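Trainee: Take this structure, written in C-alpha cells, and hold onto it; I'll ask about it next.
The values are calculated or read from the model by the stated rules, or taken from the named source; none is laboratory data. All of these numbers come straight from a predicted model, not from anything done at the bench. Cβ placement follows ideal geometry from the backbone for every residue including glycine, while neighbour counts extend to all protein chains displayed. Please note that ligands, DNA and RNA were not included when accessible areas were found on the heavy atoms of the full protein model with its side chains. Shrake-Rupley method; radii C 1.70, N 1.55, O 1.52, S 1.80 Å.
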Amino acid sequence: MSCGVTKVRRAWPASPARGVNARYNIEVSDASQQRGIWAERYVQDFLSLPFVSEFVCRSPQTLDGTQKEVADFLITYPGVGVLISQKTQDDPLSRVGQKTASWALKQSKKAASQLCGALRTGRGKPAWCEHPRRGRVELPNGLPVISHGLVLTEVFERVDLNADADDLPLHYQGVPITYFSLNDFLNVAMELRTLPEILAYLDARRSLPYTDLRTIGDEFRLYEFYLLHNGSLAGCLGKADAAVTVAARRQELKGILQSKWEDDFYGGLIEHVADQLATRQTDYATGLSADALAQYDAPDNRSNYLRMQAVLADLRLRERSALGRAFEETAQHREQSGGDFTHRAIYIDGRPEWVYVLASCKGIAPALLIERMNILAVAAMAHFRKTHCLVVVDREGAGYQVGLTIRPSAPSSPIERSLGDEYYGRLRMTDKALSLIPA
C-alpha cells in the first residue's frame, strides 16, 4: 500500500452563496503587477480546489532552443489533458458594446492561434510548467495528449465571434476547441467541479449550431438546460432554445439546484482530502517501522501522493458526493458510538475495478493505523473482487491518512477471502476491532 498522511484538517467550507451566473471580478491587489499575469495566478488558484491544485499548472513552455510559452494553463493527470489560452483586459470596464466586441474578436483569434500552435508543436519537445507547490514541473516528452482546448476571453457581455469564423477553428488535429468568456468558464468550473464533468459538458456542447459555438458571454441558460436534462443537451436547438426551456421549467430547476448543492457540500470534503494530500506532518515517521516507512514517498521524491490525488480528481461530482457523504457518516458513527475505529466500504458501478474504504479513528498510534488500513484494503478487495482500493481515514479531525493499493488481480487466498467475509460480509459499517493478517 502507498500511504500519505496530511497535516491538520480544516473544516471544509459549505458551498458559497452564489448563483449559476455569478460574476467573478479579477481585481489586481498590487498595482505593480501586470494584470494579465495576476489574472493567470487568480484563475489558477480559483481552479485548484475543484480540479485539485497539483494538476492545475500555469504557463506551459517549450525548451526547443528558445524558451516559449505555448499556452496559459495545462490541467492534466494521467489520461486527461486540457490546454487553455486566456486573454484578459487591462481594465475590463473600459470597453462596452462594439469596442468590447472588436477587442474580444481580436484577442480570441490570438488565443486560438496560440492554442493551435501548441497542439501542432508541443508534442515531443521538452517542456515545463509552473506550479506554486510543485515548483517547476518537467515534461520531458512535451505536452501530454490533450483531450480538449479552451479559448477564454474576458468579457462580461454576449459577443458574437462568427465574423471571423475561419480564424476560430472548432477543432485542430483531432482536438476539439471550445470558446468561452472567462467569467462563464469560471462559473461552469465552479458548478461542475471535476474535470470528467467539464469534459462531458464540453462534449455535449459540440451538438450546438456552429454559430452558438462561436458566441461567448451567454452560457448560463445552456448550463441550466443541461441540468434540467440530467447532464444532456440532446434536443437543444441552441442557446435561444435553452433559454425558452429554462424559463418554462424554473421551479423544477430550483429543486435540481438544491439537490446539486448537497452534492457540492459532500463532494467538498473529498476535494479537501485531495488538497491536503499535498502536505504531510513533519513527524509522520515517528514510531513507524522500516516496512511501514517504505510505504511512504521519500521527502525529495513524492509521487505516490499524486497517484492518490489523481484517483480523487478523476471522480465525477456525484461519485465525490457519495464518498463524502459516506465519509462524514462514518465519522459521525464513530463519535456517537464512542469507539476508537469505525469503517465502511463503498463501490461505484461506473468504476468496476475500485472499492473505497472510509474510516474514522481516535487515539490509534500511526503504526497500528497503517496495519489496520492494510488489513481493510486487502479484505475489501477480496470480498468485493476488486483490484484497486483507496482507503481514507479521518484522524479525529487532526488530518487524514490515505492509502492506495493496486493489484493485477483481486486477492483470493483463503486467508484473504476469510478476512473479506469477516470485515465486510454482513455490515455496511462497523466499529469492530481489527486484528492483523496472520503470517
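Trainee: Being in a loop (DSSP other than H, G, I, E, B) and either within 25 Å of ILE348 (Cβ to Cβ) or open to solvent by 40 Å² or more (accessible area, probe 1.4 Å) (or both) is the requirement here; does ALA410 meet it?
Mentor: Judged against the criteria, ALA410 is a match.
Trainee: Taking region 334-378 as the region of interest, how many residues are closer than 23 Å to ASP264 by Cβ and not charged (D, E, K, R)? Walk me through how you get there before you give the answer.
Mentor: Within region 334-378, the first condition is being closer than 23 Å to ASP264 by Cβ, and the residues that meet it are 344, 346-351, 354, 356, 358, 360.
Going one step further and asking which of them are not charged (D, E, K, R), we end up with 346-348, 350, 354, 356, 358, 360.
The number of residues fulfilling the criteria is 8.
Trainee: With within 22 Å of ARG395 (Cβ to Cβ), touching a helix residue (DSSP H, G or I) at 6+ places or on another chain (Cβ under 7 Å) and not in a loop (DSSP other than H, G, I, E, B) as the only criterion, which of HIS333, HIS343 stands out? Walk me through it before giving the result.
Mentor: On the way: HIS333 fails: touching a helix residue (DSSP H, G or I) at 6+ places or on another chain (Cβ under 7 Å).
Being within 22 Å of ARG395 (Cβ to Cβ), touching a helix residue (DSSP H, G or I) at 6+ places or on another chain (Cβ under 7 Å) and not in a loop (DSSP other than H, G, I, E, B) holds for just one of HIS333, HIS343, which is HIS343.
Trainee: Out of the strands (runs of 3 or more DSSP E) lying entirely within region 32-115, which hold 2 or more residues that are farther than 30 Å from MET308 by Cα and open to solvent by 60 Å² or more (accessible area, probe 1.4 Å)? Even if it seems obvious, please write down each step before you answer.
Mentor: Working: elements: 56-64, 66-69, 73-77, 80-87.
Answer list for region 32-115: 66-69.
Trainee: Among the listed residues ARG133, ARG158, which satisfies the condition of being closer than 24 Å to TYR223 by Cα, charged (D, E, K, R) and open to solvent by 40 Å² or more (accessible area, probe 1.4 Å)? Before the answer, list the steps.
Mentor: Working: ARG133 fails: closer than 24 Å to TYR223 by Cα.
Of ARG133, ARG158, the one residue that is closer than 24 Å to TYR223 by Cα, charged (D, E, K, R) and open to solvent by 40 Å² or more (accessible area, probe 1.4 Å) is ARG158.
Trainee: Out of the residues in region 413-423 that are part of a helix (DSSP H, G or I) and either charged (D, E, K, R) or open to solvent by 40 Å² or more (accessible area, probe 1.4 Å) (or both), which is farthest from PHE327 (Cα to Cα)? Before the answer, list the steps.
Mentor: First, pick out the residues of region 413-423 that are part of a helix (DSSP H, G or I): 414-423.
In the following step, the residues that additionally are either charged (D, E, K, R) or open to solvent by 40 Å² or more (accessible area, probe 1.4 Å) (or both) were identified as 414-418, 421-422.
Working: PRO414: 30, ILE415: 28, GLU416: 25, ARG417: 25, SER418: 25, ASP421: 22, GLU422: 21 Å.
Within region 413-423, the match that is farthest from PHE327 (Cα to Cα) is PRO414.
Trainee: When you scan region 316-327, do you find a residue that is under 23 Å from GLY231 (Cβ atoms), in contact with a Pro (Cβ under 6 Å, 6 or more places away or on another chain) and either open to solvent by 20 Å² or more (accessible area, probe 1.4 Å) or at pLDDT 90 or above (or both), even just one?
Mentor: As a first pass, look at region 316-327 and keep what is under 23 Å from GLY231 (Cβ atoms): 316-326.
Narrowing further to those that are in contact with a Pro (Cβ under 6 Å, 6 or more places away or on another chain): 316.
Next, from what is left, pick out any that are either open to solvent by 20 Å² or more (accessible area, probe 1.4 Å) or at pLDDT 90 or above (or both): 316.
Yes, region 316-327 contains at least one residue that is under 23 Å from GLY231 (Cβ atoms), in contact with a Pro (Cβ under 6 Å, 6 or more places away or on another chain) and either open to solvent by 20 Å² or more (accessible area, probe 1.4 Å) or at pLDDT 90 or above (or both).
Trainee: Go through the residues of region 381-394 one by one and say whether even a single one is open to solvent by less than 20 Å² (accessible area, probe 1.4 Å), over 30 Å from LEU257 (Cα atoms) and part of a helix (DSSP H, G or I).
Mentor: So far as region 381-394 goes, yes, one or more of its residues are open to solvent by less than 20 Å² (accessible area, probe 1.4 Å), over 30 Å from LEU257 (Cα atoms) and part of a helix (DSSP H, G or I).
Residues are listed down the side, and each one gets a yes or a no for (1) among the charged types (D, E, K, R); (2) at pLDDT below 95:
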position	(1), (2)
ILE75	no, no
LEU93	no, yes
GLN98	no, yes
ALA127	no, yes
ARG134	yes, yes
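Trainee: Continuing with this model, one more query. Six or more apart or on different chains, Cβ atoms under 7 Å: show the pairs whose first residue is in region 131-155 and farther than 29 Å from GLN89 by Cβ and whose second is in a strand (DSSP E or B) and among the polar types (S, T, N, Q).
Mentor: PRO144/THR76
Trainee: Testing ILE177 on (1) open to solvent by 40 Å² or more (accessible area, probe 1.4 Å); (2) under 24 Å from LEU202 (Cα atoms), one condition comes back false. Which one is that?
Mentor: Only one criterion is unmet by ILE177, namely (1).
Trainee: Let me ask something additional. List the pairs whose first member sits in region 300-325 and is without any contact (Cβ under 8 Å) to a residue 24 or more places away in the chain, whose second member is acidic (Asp, Glu) and assigned to a loop (DSSP other than H, G, I, E, B), and whose Cβ atoms are under 8 Å apart, counting only residues at least 6 apart or on separate chains?
Mentor: Matching pairs, first to second residue: SER303/ASP297.
Trainee: Any residue that is within 20 Å of the chain's Cα centre (by Cα), closer than 28 Å to GLN89 by Cα, open to solvent by 20 Å² or more (accessible area, probe 1.4 Å) and of a type outside the set (S, T, N, Q) - is there at least one of those in region 197-215?
Mentor: yes
Trainee: Further question: Report whether or not VAL137 is in contact with a His (Cβ under 6 Å, 6 or more places away or on another chain) and over 12 Å from ILE84 (Cβ atoms). Lay out the reasoning, then the answer.
Mentor: On the way: in contact with a His (Cβ under 6 Å, 6 or more places away or on another chain): yes; over 12 Å from ILE84 (Cβ atoms): yes.
It is true that VAL137 is in contact with a His (Cβ under 6 Å, 6 or more places away or on another chain) and over 12 Å from ILE84 (Cβ atoms).
Trainee: Another question, if that's okay. Against the definition (in contact (Cβ under 8 Å) with a residue 24 or more places away in the chain and not hydrophobic (A, V, I, L, M, F, W, C)), how does GLY117 come out, yes or no?
Mentor: Taking the combined requirement at face value, the residue satisfies it.
Trainee: Restricting to region 116-165, give me the number of residues that are of a type in the set (D, E, K, R), assigned to a strand (DSSP E or B) and over 20 Å from the mean Cα position of the chain (by Cα). I'd like the intermediate steps shown before the answer.
Mentor: Of region 116-165, the ones of a type in the set (D, E, K, R) are 120, 123, 125, 130, 133-134, 136, 138, 154, 157-158, 160, 164.
Filter again for assigned to a strand (DSSP E or B), leaving 123, 130, 136, 138, 160.
So of that shortlist, the ones also over 20 Å from the mean Cα position of the chain (by Cα) come out as 123, 136, 138, 160.
Within region 116-165, residues that are of a type in the set (D, E, K, R), assigned to a strand (DSSP E or B) and over 20 Å from the mean Cα position of the chain (by Cα) number 4.
Trainee: From GLY397, GLY363, grab the single residue that is of a type outside the set (Val, Ile, Thr), part of a loop (DSSP other than H, G, I, E, B) and open to solvent by 50 Å² or more (accessible area, probe 1.4 Å).
Mentor: Values: GLY397 fails: open to solvent by 50 Å² or more (accessible area, probe 1.4 Å).
One residue alone meets the criteria, GLY363.
Trainee: What pairs can you find where one residue is in region 241-263 and without any contact (Cβ under 8 Å) to a residue 40 or more places away in the chain and closer than 20 Å to ARG193 by Cβ, the other is of a type outside the set (S, T, N, Q) and assigned to a helix (DSSP H, G or I), and their Cβ atoms are less than 6 Å apart, with a gap of 6+ or different chains?
Mentor: Short answer, once both residue conditions are applied: LEU253/GLU224; LEU253/LEU228; ILE256/LEU227.
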